[in-house]
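Engineer: What follows is a single structure, and I will ask about it in a moment.
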Amino acid sequence: SARYRTNHQDQDSEHKYSGGSNLYNYIRQWLKTPYKYGGMSKSGVDCSGFTNRIMKDVYNISIPRTAENQYNHGRRVSDGRRRAGDLVFFRNVRGSGIDHVGVYLGGNNFAHASTRAGVIISDLGEEYYSKRYVGSCRYVK
C-alpha cells in the first residue's frame, strides 16, 4: 500500500548521514527559541551558536564559534552536492563578510536563528536569502 512506499533517495541520504532523523528531532526542540547575540542555549541563541550546538550535540563535532570562522574552516560543498547537516552561509547586504549561517535540511530548506524570529526554518529560494547566499560547507564525514 502507498503508506509503506519510501523515497529511496531520502532514505539513502539519511542513512549515509548518520543522525539524519536525529538532526530533525534536535531542531524541532529548538524551534522558536529566541534570538540572543552571543547565546548558545534554549533561553537564547545566535546563528553560529545554534550551528555550533547542532554539530556538537547531534554529530559530536567541534566547530568554530563564529559564522565567518565556520565558513573558513569547513569543507566547501557545491549546491548540487549539499545534504542535510551541511552548513549554509550568507553575507550581509553592505559587504562581503559572512554574517549568517544555518543548517541545511534538504528540499531547499534550512534551519537558523534569525534576529527577528529566533530559530525558524526558511527556504533558500526566498529572495532575502538567495541574494545573500555565499555557499555551503560540510563538517560531518
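The values are calculated or read from the model by the stated rules, or taken from the named source; none is laboratory data. Since the model is a prediction, treat every value here as computed from it, not as a measurement. A quick note on method: Cβ atoms are made from the backbone with ideal geometry, for glycine too, and the neighbour counts reach across all protein chains shown. When the accessible area is computed, the model is the full protein with side chains, heavy atoms only, and any ligands, DNA or RNA have been set aside. Shrake-Rupley method; radii C 1.70, N 1.55, O 1.52, S 1.80 Å.
Engineer: Which of (1) farther than 12 Å from Y139 by Cβ; (2) within 14 Å of the chain's Cα centre (by Cα); (3) β-branched (V, I, T) is the odd one out, the single condition T33 does not satisfy?
Structural biologist: Result: T33 fails condition (2) only.
Engineer: Is it true that some residue in region 86-94 is at positive phi and open to solvent by 40 Å² or more (accessible area, probe 1.4 Å)?
Structural biologist: Looking for residues that are at positive phi and open to solvent by 40 Å² or more (accessible area, probe 1.4 Å), one finds none in region 86-94, hence no.
Engineer: Moving on. Looking at region 62-84, which of its residues are open to solvent by less than 70 Å² (accessible area, probe 1.4 Å) and more than 14 Å from the chain's Cα centre (by Cα)?
Structural biologist: To start, the set of residues in region 62-84 that are open to solvent by less than 70 Å² (accessible area, probe 1.4 Å) comprises 63-64, 66-67, 69-71, 74, 77-78, 82-84.
Answer for region 62-84, where residues must be open to solvent by less than 70 Å² (accessible area, probe 1.4 Å) and more than 14 Å from the chain's Cα centre (by Cα): P64, N69, S78.
Engineer: Considering (1) in a helix (DSSP H, G or I); (2) at pLDDT below 95; (3) not aliphatic (A, V, I, L, M), say which one G95 fails and leave the rest.
Structural biologist: Exception for G95: condition (1).
Engineer: A follow-up question, please. Can you name every residue in region 104-134 that is touching a Lys or Arg at 6+ places or on another chain (Cβ under 6 Å) and either among the acidic types (D, E) or in contact (Cβ under 8 Å) with a residue 60 or more places away in the chain (or both)?
Structural biologist: G118, V134 - these are the residues of region 104-134 that are touching a Lys or Arg at 6+ places or on another chain (Cβ under 6 Å) and either among the acidic types (D, E) or in contact (Cβ under 8 Å) with a residue 60 or more places away in the chain (or both).
Engineer: Also, quick follow-up: What number of residues in region 45-83 are among the small types (G, A, S), without any contact (Cβ under 8 Å) to a residue 40 or more places away in the chain and either over 20 Å from L105 (Cα atoms) or assigned to a helix (DSSP H, G or I) (or both)?
Structural biologist: 2
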